[in-house]
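Since every read-out is calculated from the coordinates, none of them should be taken as a lab result. Just so you know, these numbers come straight off a predicted model, no measurement behind them. Glycine gets a Cβ as well: all are built from the backbone with ideal geometry, and neighbour counts include every protein chain shown.
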Amino acid sequence: MIEPREVSERDLHGMVENFLRSGFTTDNPLITEAVRRMLAAGGKRLRPRITLLAVQAMGGAPSEQLALAAYMELIHVATLIHDDVVDGAQTRRGVNATAVDYGNRISVLAGDYLFAWIFKNVTANYPHPVPHILSATLAAICDGEVLQLHAMGNVDLSFESYVEIVEKKTATLFAASAECGAIMGGAKTSAAGVRVLREFGMQYGIAFQMLDDLLDMTSDQTALGKPVGNDLRERKVTIPLILARQNADEPFRRRLEAFFDAELDEREEQAEIAAVIADIGRVGGFERTRAAIRTYAERAKLALGGLKGGESIALEELAALANRLI
């Protein structure tokens, strides 16, 4: 067996991929097929990799916690299946959204079943407080999604309200991934280690979502696996728009308010989305978003400084993950 200190972040990614390909199955063949199809479409597998790096940071063997890491990815997959139903999305990771191929009813039930299947296994195989952490995480994710739906079209959404939504709907699963990895890696005797790694995950998750919001406006459809400007199309108010409004001139404010109020056909909407994105860049929204991403990524790295005696390679790899967001 490879010693924990010798397992690189790239090795961990391969371990997770192999486990998901060979180790995932449920009692329902249709749901297994739908989830495997989503897994085969790709993904960065960041949540399970953070879980295994947290295991390693506390001196544990990542190979012994592959199932726990896989559950983190599967929770994420279940939330994506539900998100695509709620948003009416057509594509995910460059392929049809699950609802397109299986319908909304099967997709909702598949997400529900996957959550239940995960928690059945977690409660049977992991000690307190791991099941409690994951159940609280799922509640927070649902809460964040409801808050985001309530904020749809609210061009006056504050930075603080945005961060609250992001903490719940995105960052909390990164935090739980790191926290549960720390617990199972041997941090039962180090409450400080658990706190440090959870804080890393929370700050990393906020920076990650901010970058995702930025790329939605500045990347291309091939790289995103979904249409560019999709957040604006769904009237989601994200961080580039919020920060742009803080420094906006009157023409930008008028265009933005008109866009959110208007009923447009597809061609008109595409043109207006392109114009709004250009204006966000013009008034500095993208530059300020990059600065915010850097702030939260640096906070994530700073949190790691509170962990003493861990495996240095794991801490270096966690810091490297944060650096990649910048």
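Among the lysines in the chain, how many pairs, 8 or more places apart or on different chains, have alpha carbons under 24 Å apart?
17
Gap in Å between the Cα centre of segment 76-120 and the Cα centre of segment 229-308?
So the two Cα centres are separated by 27 Å.
Mind checking the full-extension length gain between Cys142 and Ser312? Use 0.36 nm per residue of separation minus the Cα-Cα distance, one decimal, nm.
Working: separation 170, 0.36 × 170 = 61.20 nm, distance 3.52 nm.
Taking Cys142 through Ser312 to full extension adds about 57.7 nm, to one decimal.
Counting other beta carbons within 10 Å of each Cβ, put Ser219, Ser190, Ser22 in order, fewest first.
Working: Ser219 13, Ser190 20, Ser22 8.
Ordered by Cβ neighbours within 10 Å, fewest first: Ser22, Ser219, Ser190.
Work out the charge dipole of segment 1-150 with +1 on the Cβ of Lys and Arg and -1 on the Cβ of Asp and Glu about the Cα centre, then indicate which of Phe115, Pro129, Gly43 is farthest towards its positive end.
Looking along the dipole axis, the top candidate is Gly43.
If eta is 0.692 mPa s and T is 37 °C, what Stokes-Einstein diffusion coefficient results for the chain, Kirkwood Rh from Cα pairs, in µm²/s?
On the way: Rh = 20.5 Å.
It diffuses with D of about 160 µm²/s by this estimate.
With angles folded into 0 to 90 degrees, how steeply does helix 130-150 sit against the dominant principal axis of the chain? Use alpha carbons for both and round to 10.
0
Lys and Arg at +1, Asp and Glu at -1: add these up for the other residues within a Cβ distance under 15 Å of Arg105 and post the number. Show your work: numbers first, answer last.
On the way: positive: none; negative: Asp84, Asp101, Asp112.
So the environment of Arg105 carries a net charge of -3.
What distance in nm separates the two pseudo spin-label positions at Asp11 and Ala61, each 7 Å out from Cα along the beta-carbon direction?
Each label point lies 7 Å from its Cα, and together they span 1.3 nm.
Among Val85, Val237, Val55, which comes first, then next, by fewest other beta-carbon atoms within 10 Å?
On the way: Val85 20, Val237 25, Val55 33.
So the ranking, lowest neighbour count to highest, is Val85, Val237, Val55.
Would you mind working out the magnitude of the charge dipole of the chain relative to its Cα centre, with +1 at each Lys and Arg C-beta and -1 at each Asp and Glu C-beta, to the nearest 20 Debye?
Working: 35 positive and 44 negative charges, 178 e Å.
Around 860 debye, computed over the chain.
Rank these for me by crowding, Cys142, Cys180, going from fewest to most other beta carbons within 10 Å.
Numbers: Cys142 14, Cys180 31.
With the sparsest Cβ surroundings first, the list reads Cys142, Cys180.
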